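Enquirer: Sharing a structure with you now.
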Amino acid sequence: MSDTTDTGPVLAADGTPLKRSLARALRMQKMRALALIAPLLLFVLLTFILPIGDMLFRSVENSIVSETLPRTTAAVQTYDADGGEAPPESTFDALAYDLVVAAEKKVHTRVGSRLNYENAGISSLFRKAGRKVDDMGEVYLDQFVELDPAWEEPQALIALFADPSWAASAGGEDEPRFEYFSTAAEVLPGATDAYTAWARTIQTEDQDSPTKEEPWAPVYMALYHDLADNPDAASAFEGDTAARLAAAATAIQSPEWQTMSTRDAFVDIDADWADPEVWRTIKTYSSKYTNGYFLNAADFQKGHDGPELRPELQRIYGTLFLRTMIMSLAITVSCIVLGYPVAWILANLPSRTANVLMILVLLPFWTSLLVRTSAWKVMLQQQGVINDVLVWLGIVADNDRLVMINNQFGTIVAMTHILLPFMILPMYSVMQTINPSYLRAAKSLGATNWTAFWRVYFPQSVPGIGAGSILVFILAIGYYITPELVGGTKGVFISNRIAFHISQSLNWGLAAALGTILLVVVLLLYWAYDKIVGIDNVKLG
C-alpha cells in the first residue's frame with residue numbers, strides 16, 4: 001500500500017491560494033502607502049519637477065520667431081545669408097504680411113526683443129515697421145477702388161475669398177471662424193492667405209466680423225501680385241466677382257498702373273532693413289528649437305561656419321561661472337574653519353550650556369537676510385565700523401582705509417556669516433554621537449591630545465563636515481541677494497546674471513540655459529563627491 005502526497009497549492013483560510021492572497025495583501029499595503037505620500041509627491045511634482053522641466057524646455061524653445069513670422073521664415077530658407085546682399089522682394093512682401101498681423105496682435109515687439117538678444121538693434125526695426133506696415137500697399141488699394149468702388153466693400157471681398165458655407169452663416173453673434181474659398185486659394189494663393197490672416201485676426205483681436213470691415217492694404221498688394229502672376233484667375237469665378245477680377249487683371253497690365261517696392265518701403269522706414277546681418281539673424285533663429293541660448297551661455301555665438309567664440313570683451317559667463325565655483329568653495333572652507341570649533345565646543349559642553357549657546361547659533365535665522373546683509377554693508381565700507389576701529393587702534397591710516405566692500409572679500413565675509421549655521425548644525429549633530437570614551441581609550445594607550453583628536457575623533461566627524469559642505473556649497477552658488485548688495489562688479493555670482501535676465505532683460509531663454517548649466521555643474525560635483533568620498537558617508541547625526 002503506497003502513500004499519496006497532495007501536491008496542490010497551499011490555501012488560505014478563505015480557500016484562495018496562499019500565494020495569491022499574500023500578493024493581494026502586499027498590493028493593498030503599497031496602495032495605502034502610496035495614498036499617504038501622494039500629497040507630498042504631488043507637491044514635489046508641482047513645485048520642483050515641473051519648474052525644472054519648464055526651465056530645460058525654455059533653454060531650447062524658440063517658436064516665437066516661426067509662429068510670429070511664418071511666411072518670412074519660410075521665405076528666408078532659400079536666402080543665401082552669406083551672400084552679402086538683402087533677400088529678394090518676395091521676402092519683404094512676406095515680412096509685410098506677417099508684420100501687419102503681428103502688429104494687430106501686438107506681438108511684433110516680442111519677436112523683435114527675441115532677435116535683439118542675438119543682434120542688438122533689431123528690436124527698434126520691428127517697432128518702427130510695426131507702426132507703418134499697415135500703410136504698405138495703399139497704392140494698390142487706391143487703384144483697385146478707383147477701378148471699381150466695390151473693391152472696398154466687405155461683401156465683394158467675402159464673395160471672392162470666403163467659403164460659401166461660411167458666408168451663409170457669417171455676421172451673427174456666434175460667427176464661426178473664417179474659412180477661405182478653396183477655389184480662391186488655388187488661383188489667388190497669396191491674396192487668400194493674406195485675407196484669411198486678416199479676417200481671423202479681426203475676429204479674435206477686435207471681436208469683429210470681416211463682413212463689416214475693409215481689409216488691410218497689404219491684402220490688395222497680395223491680390224496685385226497674384227493677378228500679375230495669373231491673369232486668367234477670373235475664369236475660376238462667376239458673375240460680378242469674375243468681372244471685377246478680369247477688369248483688374250487687364251488694368252494691371254497697363255503701363256499706367258503704379259507699383260511699389262516693398263523692399264524700398266522697409267528701407268525708407270529704417271535703412272538697416274537692407275543689412276544682410278539682420279536677415280542672417282532672422283534665418284539663423286527661424287527654427288522652433290535652438291542651441292543659441294546655450295552657445296551664448298558658454299560665451300559662443302552662431303557664426304558663418306558654425307559656433308565661434310564671442311569677442312573678448314563680451315565673454316562674461318565663463319568668468320562668472322569660474323568665479324561662482326571658486327568663491328563658493330572659499331565660502332565653504334571658511335564655514336568649515338569657523339564652524340568646526342564651535343560645533344566641537346557645543347558637542348562637548350554640558351547639555352544646559354550647549355542649549356543656551358545653540359540659541360546664539362540659531363539667532364541669525366530669526367533675522368531678515370536683507371537686514372543681515374545691510375549690516376555687513378555698513379560695517380565693511382571705508383567709513384564703516386571696522387575701518388573706524390582699525391584707524392582708532394592705529395593699525396590703518398585714515399587716508400589708507402581698507403576696501404572691503406563691493407568686491408570678492410565682502411561677498412565671502414557676508415555669505416560666510418549667513419551660511420555658517422548651515423555648517424555648524426550638521427557637524428554638531430554628528431559630533432554628539434561620537435562616544436567620548438574613544439578619546440580616553442586613545443590617551444590611555446599613549447596618544448597625545450592632538451593624535452587622539454586627529455586619528456580618532458576627526459575621522460568620525462567627517463560625515464558631518466561632508467553634509468555641511470554640500471549644504472553650504474549648493475546654497476552659496478545659488479545666492480544672488482547678498483552678492484548683489486555687497487559684491488559690486490567683482491563679487492557677483494552667475495546667479496545674479498540669471499536673476500537679471502529673468503526680471504530685467506526678460507531673456508528667459510538665456511536665463512534657463514545658464515540655470516541648466518549650473519544645474520549640470522552641481523550634479524557633476526555631487527557625482528564626483530560621491531565617487532571620492534561616498535555619499536553614504538554623509539550623515540546628519
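The values are calculated or read from the model by the stated rules, or taken from the named source; none is laboratory data. If you're wondering where the values come from, they're calculated on a predicted model, not measured in any experiment. We place every Cβ from the backbone using ideal geometry, glycine too, and count neighbours over all the protein chains shown. For the accessible areas, the whole protein counts, side chains as well, though only heavy atoms, and no ligand, DNA or RNA atoms are used. Shrake-Rupley method; radii C 1.70, N 1.55, O 1.52, S 1.80 Å.
Enquirer: Tell me, which helices (runs of 4 or more DSSP H) lie completely within segment 237-313 with 2 or more residues that are under 24 Å from SER113 (Cα atoms) and open to solvent by 50 Å² or more (accessible area, probe 1.4 Å)?
Expert: 262-269, 276-284
Enquirer: Look through segment 455-482, keep the residues that are of a type in the set (Phe, Trp, Tyr) and in a helix (DSSP H, G or I), and return whichever of them is least open to solvent (accessible area, probe 1.4 Å).
Expert: Restricting to residues being of a type in the set (Phe, Trp, Tyr) and in a helix (DSSP H, G or I), the top hit is TYR457.
Enquirer: A follow-up question, please. For residues in segment 221-231 being touching a residue at least 40 places away in the same chain (Cβ under 8 Å) and over 18 Å from ALA102 (Cα atoms), which is least open to solvent (accessible area, probe 1.4 Å)?
Expert: Going through segment 221-231, the residues touching a residue at least 40 places away in the same chain (Cβ under 8 Å) turn out to be 221-225, 230.
Those left that are additionally over 18 Å from ALA102 (Cα atoms): 223-225, 230.
Numbers: LEU223: 3, TYR224: 34, HIS225: 56, ASN230: 48 Å².
Restricting to residues being touching a residue at least 40 places away in the same chain (Cβ under 8 Å) and over 18 Å from ALA102 (Cα atoms), the top hit is LEU223.
Enquirer: Collect the residues in segment 251-281 that are within 30 Å of GLY306 (Cα to Cα), among the small types (Gly, Ala, Ser) and in contact (Cβ under 8 Å) with a residue 24 or more places away in the chain, keeping them in residue-number order.
Expert: ALA274
Enquirer: Does segment 67-104 hold any residues that are closer than 16 Å to GLY137 by Cβ and of a type in the set (D, E, K, R), and which are they?
Expert: ARG71, GLU89, ASP93, ASP98, GLU104
Enquirer: Condition check: open to solvent by less than 30 Å² (accessible area, probe 1.4 Å) and either touching a Cys at 6+ places or on another chain (Cβ under 9 Å) or over 30 Å from ARG110 (Cβ atoms) (or both). Does ILE494 satisfy that?
Expert: Judged against the criteria, ILE494 is not a match.
Enquirer: Conditions first: (1) open to solvent by 40 Å² or more (accessible area, probe 1.4 Å); (2) free of Cβ contacts under 8 Å to residues at least 60 places away in the same chain; (3) under 18 Å from LEU227 (Cα atoms). THR192 passes all but one, so which condition is the exception?
Expert: So THR192 meets the others, but not (1).
Enquirer: Select from segment 376-398 the residues that are of a type in the set (A, V, I, L, M) and crowded, with 16+ Cβ neighbours inside 10 Å and list them in ascending order. Spell out the reasoning first.
Expert: Just the residues of segment 376-398 that are of a type in the set (A, V, I, L, M), to begin with: 378-380, 385-386, 389-391, 393, 395-397.
Hits for segment 376-398 are MET379, LEU380, ILE386, VAL391, VAL396.
Enquirer: Do we have any residue at all in segment 400-412 that's at pLDDT below 90, touching a helix residue (DSSP H, G or I) at 6+ places or on another chain (Cβ under 8 Å) and of a type in the set (Gly, Ala, Ser)?
Expert: The answer is no, given that none of the residues of segment 400-412 is at pLDDT below 90, touching a helix residue (DSSP H, G or I) at 6+ places or on another chain (Cβ under 8 Å) and of a type in the set (Gly, Ala, Ser).
Enquirer: What is the residue count in segment 163-184 for residues that are open to solvent by less than 30 Å² (accessible area, probe 1.4 Å) and over 37 Å from the mean Cα position of the chain (by Cα)?
Expert: The number of residues fulfilling the criteria is 3.
Enquirer: Still on this structure: Among the residues of segment 419-439, is any in a helix (DSSP H, G or I), without any contact (Cβ under 8 Å) to a residue 40 or more places away in the chain and farther than 17 Å from PRO341 by Cβ?
Expert: yes
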